[in-house]
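Right, one structure below, let's go through it.
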Amino acid sequence: MAPTSKDSLTVIDNRNGKQYEIPISVTQHDTSIPASAFKDIVHVRSTTIREKDGKGVKQQQEKQGLRITDRGFLNTAVIQSNITFIDGDKGILRYRGYPIEQLAEKSSFLETAYLLIWGELPTKNQFQRFHSEVMNHSTMHIDAEEIFRSFRY
């Protein structure tokens, strides 16, 4: 048995006794393991294949890494993000470190868009330039507008 790191998870496959070390990632906001690490724990699956004429049958074995299931996504971290932080149990939603309540009460849609794109709230001059750019490029060609109107909803 190889020495283990304190920042790892040891998994023993009881089917064959093999041992796997899975790294534990510790960040400011959470502690997690990569689900892709379980692909190394192989499951051999037998499948039956019928011949084209329907008479012959052959068995085929297929190796596949284990998959992780989390029905209802009750304990799934989709990705680590520098843009958004969510802790549903505590009711926390932050964009770029700002609480969503603060952005909703004190920032406009365009200020929040700027924050998400550039990583910080705009200064007055930055906002004026961004506002101007968005407004100058927001017109839609009349043909595109007609295409959208043709859809039934």
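Couple of notes before you dig in:
- Boolean, L121 is more than 30 Å from A37 (Cα to Cα) and in a loop (DSSP other than H, G, I, E, B): yes
- Some residue of segment 90-107 being at pLDDT below 85 and exposed (fewer than 10 other Cβ atoms within 10 Å of the Cβ): yes
- G119, sole failed condition from (1) open to solvent by less than 60 Å² (accessible area, probe 1.4 Å); (2) farther than 12 Å from R96 by Cβ: (2)
- Entry remark, segment 18-72: residues being more than 30 Å from K90 (Cβ to Cβ), at pLDDT 75 or above and in a loop (DSSP other than H, G, I, E, B) number 3 in total.
- Among the residues of segment 124-142, those that are part of a helix (DSSP H, G or I) and modelled with pLDDT under 90 comprise N136, I142.
The values are calculated or read from the model by the stated rules, or taken from the named source; none is laboratory data. Please read all numbers here as calculations on a predicted model, not as lab measurements. Please note: Cβ atoms are built from the backbone with ideal geometry, for glycine as well, and neighbour counts cover all protein chains shown. Surface areas here come from the heavy atoms of the whole protein model, side chains and all, with no ligands, DNA or RNA. Shrake-Rupley method; radii C 1.70, N 1.55, O 1.52, S 1.80 Å.
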